[in-house]
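Trainee: One structure, as structure tokens, below. Some questions next.
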Amino acid sequence: MNLKIVSLALLLASFSTAHAAEGQLSIGTEGAYPPWSMADASGNVTGFDADVGNLLCTKLAMKCRFVVQAFDGLIPALKAKRFDVIISGMSITQERKKEINFSVGYAELANMFLVPKSSDLSGIKDIDTLLKALDGKTVGVQTGTTHANFITKRVPAANLKTYDTLDNMQIDLASGRIEAAFADASALQDFLAKPEGKDFQFVDVKVQSKYDPSLGEGIGVGIAKENTELKAKVDKALCDLVADGSIGKASEKWFKMDISRPCN
């Protein structure tokens, strides 16, 4: 085959690949953070994040492709172009905005501490008393989350223990290797429904993002900085999906409450 024919073949192959990618939105998600994102052995993703992704794809007239990735690797993988966007219960923070862009915030849920019923933390009702009481306690958080940032900033005297997955943190909580777990309430609620959660409870203090900016500005879709056109489309679609109640209905399905966040 001469060089002209080879060049033409490469050009056609390149065109076919680009054309095949049109109309598809690849979405990075953790897959191990119920009920936000769960992936089975075959890589099928369900949960609130999957519902938001599918709603977004429908609105944009695109086909979804989910890519499962450890949470602390999501931003590096997005920057490496492994997928187009992140939808993984990711809070919008100033630190993360240095690395990537975010859509408008479309959801927000209170963060809470889960402790044994016998703990001296269990009866606390206000956040200042709670944070002071956490001094010297072993507190579990998931690696790379706003929860880790919050504890580091607000309770520097706590013994912070980080985990790659929520399940591993809950195993240590059940076995007594940590004294408290800190995450969004929806993620920890699943543990309370299990037999091993019967001797645990939430501390009656909801930690909202407005209490400290390290907890973020709501949940958003992560988008590469250079992908400004996609961000504009995603922003409009999310605002429409919140306004028409679609995201609210999806959140009620998974959290038994509407956690959608209006755009204005």
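Trainee: Inside the stretch 220-235, can you point out the residues that are part of a helix (DSSP H, G or I), more than 20 Å from residue 260 (Cβ to Cβ) and of a type outside the set (Ser, Thr, Tyr)?
Mentor: 229, 230, 232
Trainee: Filter the stretch 86-130 for residues that are out of contact with any strand residue (DSSP E or B) (no Cβ under 6 Å at 6 or more places or on another chain), of a type in the set (Lys, Arg), touching a residue at least 60 places away in the same chain (Cβ under 8 Å) and in a loop (DSSP other than H, G, I, E, B) and give the result.
Mentor: 125
Trainee: Please give the number of the condition residue 149 fails out of (1) surrounded by fewer than 21 Cβ atoms within 10 Å (Cβ to Cβ); (2) among the polar types (S, T, N, Q); (3) at pLDDT 95 or above.
Mentor: All conditions are met except number (3).
Trainee: For the stretch 24-60, name all the residues that are in a helix (DSSP H, G or I) and hydroxyl-bearing (Ser, Thr, Tyr).
Mentor: 58
Trainee: Is there a residue in the stretch 43-54 that is closer than 17 Å to residue 231 by Cα and surrounded by fewer than 21 Cβ atoms within 10 Å (Cβ to Cβ)?
Mentor: Checking the stretch 43-54: at least one residue is closer than 17 Å to residue 231 by Cα and surrounded by fewer than 21 Cβ atoms within 10 Å (Cβ to Cβ).
Trainee: Taking the criterion of being modelled with pLDDT under 95, more than 19 Å from residue 263 (Cβ to Cβ) and among the hydrophobic types (A, V, I, L, M, F, W, C), would at least one residue in the stretch 95-111 satisfy it?
Mentor: Within the stretch 95-111 (the criterion being modelled with pLDDT under 95, more than 19 Å from residue 263 (Cβ to Cβ) and among the hydrophobic types (A, V, I, L, M, F, W, C)), the answer is yes, since at least one residue qualifies.
The values are calculated or read from the model by the stated rules, or taken from the named source; none is laboratory data. As the structure is a computational prediction, the values presented were derived from the model and not from experiment. Neighbour counts run over all protein chains shown; Cβ positions are idealised from the backbone, glycine included.
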